[in-house]
2 protein chains.
Amino acid sequence: MNDTDFHFDPVVFQPIGVIRTPYKESAPYQPIDGDEGDFRLVLDPIYEQGLKGLETFRYITVLYYLHRVEGDVELIVRPPWAGGVAVGVFASRAPNRPNPLGLSVVRLLGVEGNVVRVSGLDVYDGTPLLDIKPYVRELDSKADANYGWVEQFEDREHLILHIKGIPHEH
Amino acid sequence: MNDTDFHFDPVVFQPIGVIRTPYKESAPYQPIDGDEGDFRLVLDPIYEQGLKGLETFRYITVLYYLHRVEGDVELIVRPPWAGGVAVGVFASRAPNRPNPLGLSVVRLLGVEGNVVRVSGLDVYDGTPLLDIKPYVRELDSKADANYGWVEQFEDREHLILHIKGIPHEH
């Protein structure tokens, strides 16, 4: 295949479980680290063995299917909190993307049988779970990571509250 | 749906492009940060607009389909470098997982048209690309992340070289 051949077969995944959150009708944009609600990854019991050793990690990466996305995919998006700035969908975390594949890094609070308790997760209750990966310090934590286009704003600190989904006064 | 109903519809994604790497026949376990080879995400040109603004980020998260995984999925894995220790597949980054969905955090080197140049990426040439997300400092970088079960080993430093895929003398 050369670079100009973009005819791929579809990729088919089968959810391994379901994500339980308090968000039945609305969900925050991003994980709320201080949220003390009930957040659980409930695996199909056939996969329970696959969790062995996961409890040794402080953080995990959760991958899921954004099953409640509605509307068309737009390649240029204008995050509602970003003052009208227009960026590409791949430079954003907007859920309306060509493949509605969600990713959140969360704290692991405990593993009991087929259930993984985690810190605040920004998804609707009932979201199909696709994968869990250990978040490994050397691979996934980049101390010199930046904020990208968000840094151009004078009120960056305020916008970061929006990015983090932290409730605040305007 | 209650917690004991695990009958999900399959999730179907369509690749948005292809990953080009020097790895035709073998690939390292994880990204090699110092690798100076030619690593490119080549998007289907219909998605080129979606890259607008991506160049402002220092790191990106690349999600892809592990299309060359062979063999059965085992829920308990024994990483070849880990001295026989057995962990669950979800506590590992093994490619043979229930959903062969790959994730790598890489440095962004440049965006030109529909092509994103990145630092060393641990995948075979021709890997189907599913999504690109900006790696946002506040969301994705966890300064207190740990190494999980790898920390139990006396030769942790050595094992981390394996985890990072860095060539070294034994």
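Before moving on, here are some points about what is shown:
- The stretch B:95-145, residues that are of a type in the set (Lys, Arg) and in contact (Cβ under 8 Å) with a residue 12 or more places away in the chain: B:Arg97, B:Arg107, B:Arg117, B:Lys133
The rows are residues; the columns are (1) out of contact with any helix residue (DSSP H, G or I) (no Cβ under 9 Å at 6 or more places or on another chain); (2) within 19 Å of B:Tyr135 (Cβ to Cβ).
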| position | (1), (2) |
| --- | --- |
| A:Arg107 | yes, yes |
| A:Gly110 | no, no |
| A:Thr127 | yes, no |
| A:Leu130 | yes, no |
| A:Pro134 | no, yes |
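- Whichever residue in the stretch A:65-92 is crowded, with 22+ Cβ neighbours inside 10 Å and within 21 Å of B:Ser104 (Cα to Cα) and, among such residues, is farthest from the other protein chains (Cβ to nearest Cβ): A:Ser92
- Odd one out for B:Lys142, checked against (1) of a type outside the set (A, V, I, L, M, F, W, C); (2) farther than 20 Å from A:Leu75 by Cα; (3) touching a Lys or Arg at 6+ places or on another chain (Cβ under 7 Å): (3)
- Top-ranked residue of the stretch A:25-50 - restricted to ones that are facing another protein chain (nearest Cβ under 9 Å) and modelled with pLDDT under 95, ranked as nearest to A:Pro80 (Cα to Cα): A:Gln30
- Considered as a group, the residues in the stretch A:134-158 that are out of contact with any Ser or Thr (no Cβ under 6 Å at 6 or more places or on another chain) and part of a loop (DSSP other than H, G, I, E, B) include one that is nearest to A:Gly88 (Cα to Cα), and that residue is A:Tyr147.
- Residue within the stretch A:111-118 that is surrounded by fewer than 22 Cβ atoms within 10 Å (Cβ to Cβ), of a type in the set (Lys, Arg) and modelled with pLDDT under 95 present: no
- Qualifying residue in the stretch A:93-107 (condition: assigned to a loop (DSSP other than H, G, I, E, B), facing another protein chain (nearest Cβ under 9 Å) and modelled with pLDDT under 95): yes
- Scanning the stretch A:121-144 for residues that are buried (at least 20 other Cβ atoms within 10 Å of the Cβ), of a type outside the set (D, E, K, R) and facing chain B (nearest Cβ under 7 Å) gives A:Pro128, A:Leu130, A:Ile132, A:Pro134, A:Tyr135, A:Val136, A:Leu139.
- Taken as a whole, the stretch A:110-133 holds no residue that is assigned to a loop (DSSP other than H, G, I, E, B) and basic (Lys, Arg).
- Candidates B:Val18, B:Val12: the one that is at pLDDT 95 or above, buried (at least 19 other Cβ atoms within 10 Å of the Cβ) and within 9 Å of another protein chain (Cβ to nearest Cβ) is B:Val18.
Table: residues versus (1) assigned to a loop (DSSP other than H, G, I, E, B); (2) in contact (Cβ under 8 Å) with a residue 60 or more places away in the chain.
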| site | (1), (2) |
| --- | --- |
| A:Gly37 | yes, yes |
| A:Leu41 | no, yes |
| A:Tyr47 | no, yes |
| A:Thr61 | no, yes |
| A:Gly71 | yes, no |
| A:Glu74 | yes, no |
| A:Trp81 | yes, yes |
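The values are calculated or read from the model by the stated rules, or taken from the named source; none is laboratory data. Nothing here was measured: the structure is a model prediction, and the numbers come from that model. Note: ideal-geometry Cβ built from the backbone for every residue, glycine included; neighbour counts use all protein chains shown.
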